[in-house]
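These notes are about the structure you will find just below.
The values are calculated or read from the model by the stated rules, or taken from the named source; none is laboratory data. If you're wondering where the values come from, they're calculated on a predicted model, not measured in any experiment. Note that we place each Cβ from the backbone using ideal geometry, even for glycine, and neighbour counts take in every protein chain shown. Side chains included, ligands, DNA and RNA excluded: accessible areas come from the protein's heavy atoms. Shrake-Rupley method; radii C 1.70, N 1.55, O 1.52, S 1.80 Å.
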Amino acid sequence: MDKEENICDIVIVGAGICGLSTALALHRKGIKSVVLERAETIKAKGAGIIVHSNGWRALDQLGIASNLRKTAILVQSGQYITINSGVRKNLAIGKGELRCLKRADVIRSLAESLPPQTLRFNSQVCSVELNPFTSHPIIQLQDGTRLNPKVVIGCDGVKSLISNDTFGQNYTKYLSTSVVRGFTNYEYSHGFGNKFVVMSDGKAQLGRMPVTHNLVYWFVTRKCTIPPSSQSSTRDHYDSPAEIKESTLRTMKGFPKEVVEMISKSVLSSLHLTDIIKYRAPWSLLGIGTRFRRGTVTVAGDAMHAMGPFLAQGGSAALEDAVVLARCLAPKLYEYYYCSSSSSPSPHPHLIRSNTKMVEEAFDEYLKERKKRVFKLCMESYLVGLMVDTPSSLLKFLAGIAMALLFPDPFAHSSYDCGRL
Ligand SMILES: Cc1cc2nc3c(=O)[nH]c(=O)nc-3n(C[C@H](O)[C@H](O)[C@H](O)COP(=O)(O)OP(=O)(O)OC[C@H]3O[C@@H](n4cnc5c(N)ncnc54)[C@H](O)[C@@H]3O)c2cc1C
């Protein structure tokens with residue numbers, strides 16, 4: 001039977017990096033929110049996450065950077081190896097702070113910094129609509145519960161229900177590249193130093209980045225194993241970890257012995273295959289019909305701007321979203337609070353008195369700032385992706401020219417500063 005509940009004025013959908021960091025950013029500003037997550041617990045699929053300086057700045061603002069720094073060494077150089085010719089070249093890694101974190105550490109650190117009762121698991125959102133009379137959102141959960149928050153922030157990832165249903169922004173682009181990611185833990189030091197290494201045999205690429213002196217994060221990119229005809233499916237394809245390892249080892253034939261050994265000794269539970277990678281075409285972010293706000297409903301993270309893994313920036317962009325969103329929203333809520341309250345203000349104004357307009361203004365400000373930033377990231381990722389993903393030599397060449405013209409410094413994106421919380 002349907003039941004109605006009023007859990008909180010601000011509801012965030014999705015407890016991935018974006019949802020958790022948005023809740024934390026709001027909490028740091030003294031604003032209460034609730035995060036609805038469909039899973040039974042928090043999950044951190046994909047082993048490691050590479051974080052450049054811009055991501056560290058956002059983590060600093062969220063107050064969790066210093067603990068996370070202790071878990072990962074600084075990566076200081078890069079090398080590109082062409083397997084067939086044996087040629088080794090320096091690989092630019094940009095200036096600034098580059099580390100690879102365990103995704104589980106990031107997720108745990110964010111979740112543990114939230115006040116109790118913020119996370120609500122087993123809460124799958126089925127629809128978000130606007131009440132035609134009050135313009136406030138109505139959330140329908142799969143278990144029949146109806147929620148009436150004042151504000152909804154969709155951080156529900158690349159298959160975002162909120163982007164699709166509320167804004168009609170479907171993800172229609174797919175890469176023909178699939179990625180396997182995993183960790184290998186060495187009892188004694190792995191001996192790879194603090195170098196990021198990429199190797200290619202022309203068909204597959206292996207990337208290897210140290211997390212600590214014992215733990216290595218690696219990824220293998222290769223052509224999709226799912227036929228293009230079934231790519232209209234919204235399903236990600238996950239084989240069992242043992243199958244993933246087997247098929248990755250087959251791909252690695254001809255790679256150096258140390259690579260084959262690294263993959264055969266990998267931590268089985270860390271292996272993850274993403275066979276269908278969806279992304280948003282950069283121009284669709286700026287299109288005339290594109291909107292990422294309806295009333296007091298907006299989106300952040302992959303729900304707004306999934307960009308493919310080529311720059312390793314999706315997670316950091318989600319952290320930046322969180323900082324900017326909370327920075328834009330907080331003053332409006334305080335302004336309203338101060339204007340509408342005659343008594344002395346509470347440091348934790350968790351009730352927004354239904355001032356829709358102010359929230360709408362805050363979201364517009366947030367979207368204006370973020371669209372500019374993520375358009376550039378999505379465009380650069382798109383061009384790099386084109387150079388890697390397309391079979392057409394002409395397109396590869398044109399993408400290379402566009403990259404040189406538009407992004408003469410290919411790492412400028414990592415010096416971005418999302419500003420103070
Ligand atoms: C192969 C690969 C490698 C990558 N490497 C990097 C990297 O090195 N560095 C980097 O910065 N980025 C990287 N990224 C990108 C990064 O992983 C994503 O951008 C980031 O995880 C997005 O976080 P999110 O919170 O927006 O979405 P998600 O992590 O997808 O979280 C969405 C959450 O919402 C929940 N949810 C979904 N629908 C509902 C619903 N209806 N109701 C309730 N809950 C719901 C889901 O269960 C999930 O917990 C990579 C991506 C890929 C594919």
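Data for the structure
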item: Set LYS159/LYS371; LYS89/LYS278; LYS95/LYS376; LYS32/LYS278; LYS223/LYS265 screened for pairs whose C-alpha atoms are more than 28 Å apart; result: LYS89/LYS278; LYS32/LYS278
item: FRET E, pair LYS265, ASN170, Förster distance 45 Å, beta-carbon r, rounded to 0.05; result: 0.65
item: Sorted peptide list for 148-156, 29-37, criterion being average Cβ within 10 angstrom, highest first; result: 148-156, 29-37
item: Acute angle (nearest 10 degrees) that the helix 393-406 long axis makes with the longest principal axis of the chain, alpha-carbon atoms; result: 60 degrees
item: Phi-based couplings in Hz for segment 320-326 (Karplus 6.51, -1.76, 1.60; Gly and Pro marked x); result: 4, 3, 4, 5, 5, 4, 5
item: Fluctuation leader among ALA39, ALA404, ALA25 - the chain, Gaussian network, Cα springs under 10 angstrom; result: ALA404
item: Fully extended contour minus Cα-Cα distance, from ASN67 to LYS159, at 0.36 nm per residue; result: 30.0 nm
item: Where GLU97, GLU261 fall by accessible area, highest first, once all protein chains stay in place (1.4 Å); result: GLU261, GLU97
item: Value of relative contact order over the chain, rounded to a whole percent, pairs C-alpha under 8 Å and six or more apart; result: 22 percent
item: Fully extended contour minus Cα-Cα distance, from LYS223 to LEU395, at 0.36 nm per residue; result: 60.2 nm
item: Distance between segment 192-216 and segment 263-303 - C-alpha centres, whole angstrom; result: 24 Å
item: Extended-chain gain in nm, criterion 0.36 nm per residue less alpha-carbon gap, GLU361 and GLU4; result: 125.7 nm
item: Rounded to the nearest 10 Å², the accessible area of PHE219 at probe 1.4 Å; result: 40 Å²
item: FRET efficiency, 1/(1 + (r/R0)^6) with R0 60 Å, evaluated for ALA402 and GLU246 via beta carbons; result: 0.95
item: Simple spin-label estimate for ASP239 and TRP283 in nanometres, 7 Å along Cα-Cβ; result: 3.7 nm
item: Sulfur and carbon atoms: percent of accessible area, the chain [1.4 Å]; result: 54 percent
item: Tensor-based shape of segment 14-85 (alpha-carbon gyration tensor, a/c under 1.5 rounded, otherwise prolate or oblate); result: oblate
item: Of LYS3/LYS150; LYS332/LYS372; LYS43/LYS368, pairs whose Cα-Cα distance is over 27 Å; result: LYS43/LYS368
item: Solvent-accessible area per residue, Å², over the chain with all protein chains present [probe radius 1.4 Å]; result: 45 Å²
